[in-house]
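A.B. asks: What follows is a structure written as structure tokens; I'll ask about it next.
The values are calculated or read from the model by the stated rules, or taken from the named source; none is laboratory data. The structure displayed is predicted, hence computed values, not measured ones. Cβ sites come from the backbone with ideal geometry, for glycine too, and all protein chains shown count toward neighbours. Ligands, DNA and RNA are stripped out before the accessible areas are found, and what is left, the full protein with its side chains, is counted by its heavy atoms. Shrake-Rupley method; radii C 1.70, N 1.55, O 1.52, S 1.80 Å.
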Amino acid sequence: MCGIIGYVGEKEIVPLLIDGLKKLEYRGYDSAGICVINENGELECDKKKGGILDLENGVHDKKIKGMIGIAHTRWATHGEPNEINAHPHFDCKKEIAIVHNGIIENYSSLRELLKKEGHVFVSETDSEVVAHLIEKFYAERGDLKESVLKALKIIEGTFGLAIIHKNEKKIIAARRGSPLIIGVGEGEMFVASDVPAILNHTKKVIYLSDNEIAEITKDGYSIENLDGKLIDKKVYDIKWTINQIEKKGFKHFMLKEIFEQPEAIKNALRGRIKDNKIKLTIDLNSEDIGRIIITACGTSWHSSLVGKHFIEKITGIPVEVDYASEFRYRNPLVKPGDVVIVISQSGETADTLAALREAKSKGAKIIGIINVVGSTISREVDSGIYLHAGPEIGVASTKAFTCQITALLLIALMLKQKKSALDVTLLNELFILPEKIQEALKSSDEIRKIAEEFKDSKNFLYLGRGINFPVALEGALKLKEISYIHAEGYPAAEMKHGPIALIDENMPVVFVAPKDSTYEKILSNMEEIKARKGRIIAVTNEDDEKINRLANYVIKVPKVCDELLPIINSIPLQLFAYHLADLKGLDVDKPRNLAKSVTVE
Ligand code: M6R
């Protein structure tokens with residue numbers, strides 16, 4: 001939930017760290033801080049409540065110079081967002097500084113113990129205990145890495161940590177459960193929570209695994225496990241460009257990412273359909289599969305629900321979908337022979353990772369659908385496919401959702417082709433899907449005008465049927481997370497079993513109403529809303545007199561085959577949520593209380 005960057009080298013350190021924090025701001029933005037070993041060998045620090053700009057303005061006048069520094073952007077878990085609770089945190093003598101992402105579960109017992117030994121705490125955070133624990137061990141041996149190692153053996157919980165000591169020309173980094181990478185440069189080295197933070201400087205990256213500790217100096221690094229055994233790690237070459245993670249003229253990352261979907265889908269498909277056959281790096285034989293369980297969180301859970309529809313239809317294999325946070329805690333009945341698909345944009349979601357480990361421990365085969373290359377989940381699955389959607393920075397997931405559906409469809413088709421030839425029409429439809437999305441995106445201005453009409457609404461209902469019910473759920477999630485308007489997704493037919501009581505002129509209803517086998521039923525549901533004075537926005541690929549009469553606003557999308565309806569129908573709903581939140585003047589990319597990757601339970 002927080003972002004870390006650290007640097008050792010000869011570049012001007014403060015702008016470098018601030019720039020890195022800006023690239024990580026999607027991970028947390030309630031407070032931020034920086035600490036540098038200055039030219040006098042002292043720790044010089046600044047912290048601010050608020051975003052990175054507040055920190056940047058404050059730190060500017062201090063003219064801090066040095067070669068080693070760490071910085072942090074916070075998303076509070078323990079202790080309210082304020083200057084004192086902002087990272088870095090220090091030992092009593094202010095010789096050691098630490099930045100932390102994760103949760104120290106045994107912090108309160110450790111804090112009591114250290115207090116009894118005379119340590120003085122200043123913040124309410126769980127993280128501060130780490131600085132004091134290292135201080136305690138440093139007093140014994142005077143070696144930073146050894147002291148950190150000793151501390152890590154006592155700490156329970158999760159951490160991505162970067163630590164400096166005023167007398168040592170190095171950064172110590174360690175991880176358990178919270179992502180951390182090492183950036184390898186020429187005469188300079190980096191540590192960060194995520195690649196965008198360092199991409200301006202290097203494309204060579206090492207992904208730390210759980211229980212690994214790295215010692216980073218200007219000229220190199222060494223990585224060990226907690227038993228002190230040296231580990232040889234692969235250095236990855238990052239293919240993303242800095243241009244890909246900037247806004248390219250769009251007002252927000254979310255809007256840019258919505259408009260990137262034609263390209264993202266092309267990339268998700270690239271090289272995976274050849275001679276009417278699906279080629280994936282997944283080792284699965286449909287004959288051996290008893291059932292498939294898909295587990296994920298949030299938007300990725302919604303794409304799982306879409307996947308269930310067409311995997312069952314195309315392959316005949318039963319599919320269950322479970323929230324990862326529920327799956328992991330209910331001792332799920334998983335047997336060898338079951339296939340568990342985990343879906344995660346970030347590849348770092350704590351609940352999804354725990355669900356993966358639970359399923360693995362019970363003998364299931366684990367397949368991943370992940371966007372972030374080299375992420376923790378991607379490294380723990382048995383096999384899987386990357387989305388290749390490019391970096392998704394906006395907290396509200398958009399292009400990852402449509403690419404996840406695409407990936408699930410490819411898996412369904414791959415399983416089917418082992419038994420019989422594929423439907424070439426569907427494959428052709430997949431090829432032209434990017435053009436259809438491009439067409440759908442042209443409604444953006446029209447959708448903004450509709451959003452203007454509804455921006456003062458307090459509630460929304462989103463209704464869909466069959467494969468489009470998850471689209472209604474996703475549309476409602478997009479609206480609530482960025483516009484703070486209460487919105488509920490519901491299966492349209494269920495409306496009469498309760499939610500219809502809510503309908504009056506103040507309850508706008510968004511219908512996902514494509515011309516498929518459920519169309520006539522959906523029109524009947526619209527009649528029911530109309531009869532109760534509800535205002536209707538309909539997303540459809542039809543242009544008949546009936547829908548035009550029933551709906552106050554009709555948003556047209558191009559015609560596609562049934563399997564691709566959830567993708568094309570999502571586009572206007574993403575745009576509607578975006579424009580409405582923007583018209584309300586809200587910070588679309590960084591909605592309150594939310595973080596891009598939820599790396600705590
Ligand atoms: O990175 P993941 O796909 O595992 O993230 C799962 C959810 O946290 C994520 O989809 C969340 O719901 C988004 N904010 C939705 O826009």
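A.B. asks: Restricting the search to the stretch 86-118, which residues are within 27 Å of Ile37 (Cα to Cα), in a loop (DSSP other than H, G, I, E, B) and either outside the structural domain of Ile134 (by TED's automatic domain parsing) or in contact with a Gly (Cβ under 7 Å, 6 or more places away or on another chain) (or both)?
C.D. replies: Ala86, His87, Pro88, Gly102, Ile103
A.B. asks: Checking the conditions here, which among Thr398, Thr402, Thr406 is β-branched (Val, Ile, Thr), under 30 Å from Pro499 (Cβ atoms), out of contact with any Asp or Glu (no Cβ under 9 Å at 6 or more places or on another chain) and within 16 Å of the ligand (Cβ to nearest atom)?
C.D. replies: Details: Thr398 fails: out of contact with any Asp or Glu (no Cβ under 9 Å at 6 or more places or on another chain); Thr406 fails: under 30 Å from Pro499 (Cβ atoms).
The match here is Thr402.
A.B. asks: Now for a separate question. Considering each of Ala151, Ala131 in turn, give the residue that is assigned by TED's automatic domain parsing to the domain that holds Cys45, closer than 14 Å to Ile98 by Cα and either part of a strand (DSSP E or B) or in contact with a Pro (Cβ under 9 Å, 6 or more places away or on another chain) (or both).
C.D. replies: Answer to the check: Ala131.
A.B. asks: Still on this structure, please answer the following. Being closer than 24 Å to His302 by Cβ and either among the aliphatic types (A, V, I, L, M) or surrounded by 15 or more Cβ atoms within 10 Å (Cβ to Cβ) (or both) is the filter here, so list the residues in the stretch 521-533 that pass it.
C.D. replies: Residues satisfying the conditions are Ile522, Asn525, Met526, Ile529.
A.B. asks: While we're looking at this one, here's another question. Can you pull out every residue in the stretch 341-369 that is of a type in the set (A, V, I, L, M), over 20 Å from Thr158 (Cα atoms) and either in contact with a Lys or Arg (Cβ under 7 Å, 6 or more places away or on another chain) or open to solvent by 20 Å² or more (accessible area, probe 1.4 Å) (or both)?
C.D. replies: Residues of the stretch 341-369 that are of a type in the set (A, V, I, L, M), as a first pass: 341-343, 350, 353-356, 359, 364, 366-367, 369.
If we keep only those that are over 20 Å from Thr158 (Cα atoms) as well, we get 341-343, 359, 364, 366-367, 369.
Correct list: Ile366 only.
A.B. asks: Looking at (1) out of contact with any Pro (no Cβ under 6 Å at 6 or more places or on another chain); (2) crowded, with 19+ Cβ neighbours inside 10 Å, can you tell me which one Ser108 breaks?
C.D. replies: (2)
A.B. asks: Since Gly489 meets every condition but one in (1) open to solvent by less than 10 Å² (accessible area, probe 1.4 Å); (2) closer than 18 Å to Ser397 by Cβ; (3) touching a strand residue (DSSP E or B) at 6+ places or on another chain (Cβ under 7 Å), which condition does it not meet?
C.D. replies: Evaluating Gly489 over (1) open to solvent by less than 10 Å² (accessible area, probe 1.4 Å); (2) closer than 18 Å to Ser397 by Cβ; (3) touching a strand residue (DSSP E or B) at 6+ places or on another chain (Cβ under 7 Å) leaves (1) as the failure.
Residue-wise test of (1) of a type in the set (A, V, I, L, M); (2) surrounded by fewer than 23 Cβ atoms within 10 Å (Cβ to Cβ).
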residue	(1), (2)
Ser178	no, no
Val184	yes, yes
Gly187	no, yes
Phe190	no, no
His201	no, yes
Asp210	no, yes
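A.B. asks: Scan the stretch 288-317 for residues that are part of a loop (DSSP other than H, G, I, E, B) and either within 14 Å of the ligand (Cβ to nearest atom) or within 16 Å of Ile367 (Cα to Cα) (or both) and report the count. Steps first, please.
C.D. replies: Initial filter on the stretch 288-317 (part of a loop (DSSP other than H, G, I, E, B)): 289-291, 297, 316-317.
With either within 14 Å of the ligand (Cβ to nearest atom) or within 16 Å of Ile367 (Cα to Cα) (or both) added as a condition, the list becomes 289-291, 297, 317.
Of the residues in that region, 5 qualify.
A.B. asks: Another question about this same structure. Inside the stretch 460-484, can you point out the residues that are assigned to a helix (DSSP H, G or I) and either under 20 Å from Ile311 (Cα atoms) or more than 14 Å from the ligand (Cβ to nearest atom) (or both)?
C.D. replies: Correct list: Gly466, Ile467, Asn468, Phe469, Pro470, Val471, Ala472, Leu473, Glu474.
A.B. asks: Suppose we filter the stretch 326-340 for residues that are touching a Gly at 6+ places or on another chain (Cβ under 9 Å), in a strand (DSSP E or B) and open to solvent by less than 20 Å² (accessible area, probe 1.4 Å); how many remain? It would help to see each step written out before you state the result.
C.D. replies: Here is the first cut: in the stretch 326-340, the ones touching a Gly at 6+ places or on another chain (Cβ under 9 Å) are 334-339.
Now restrict to residues that are in a strand (DSSP E or B): 336, 338-339.
Narrowing the set further to residues that are open to solvent by less than 20 Å² (accessible area, probe 1.4 Å) leaves 338-339.
Final tally of qualifying residues: 2.
A.B. asks: Examine the stretch 257-265 for a residue that is within 15 Å of the ligand (Cβ to nearest atom), closer than 30 Å to Arg176 by Cα and in contact with a helix residue (DSSP H, G or I) (Cβ under 9 Å, 6 or more places away or on another chain), and state whether such a residue exists.
C.D. replies: Scanning the stretch 257-265, I find no residue that is within 15 Å of the ligand (Cβ to nearest atom), closer than 30 Å to Arg176 by Cα and in contact with a helix residue (DSSP H, G or I) (Cβ under 9 Å, 6 or more places away or on another chain), so the answer is no.
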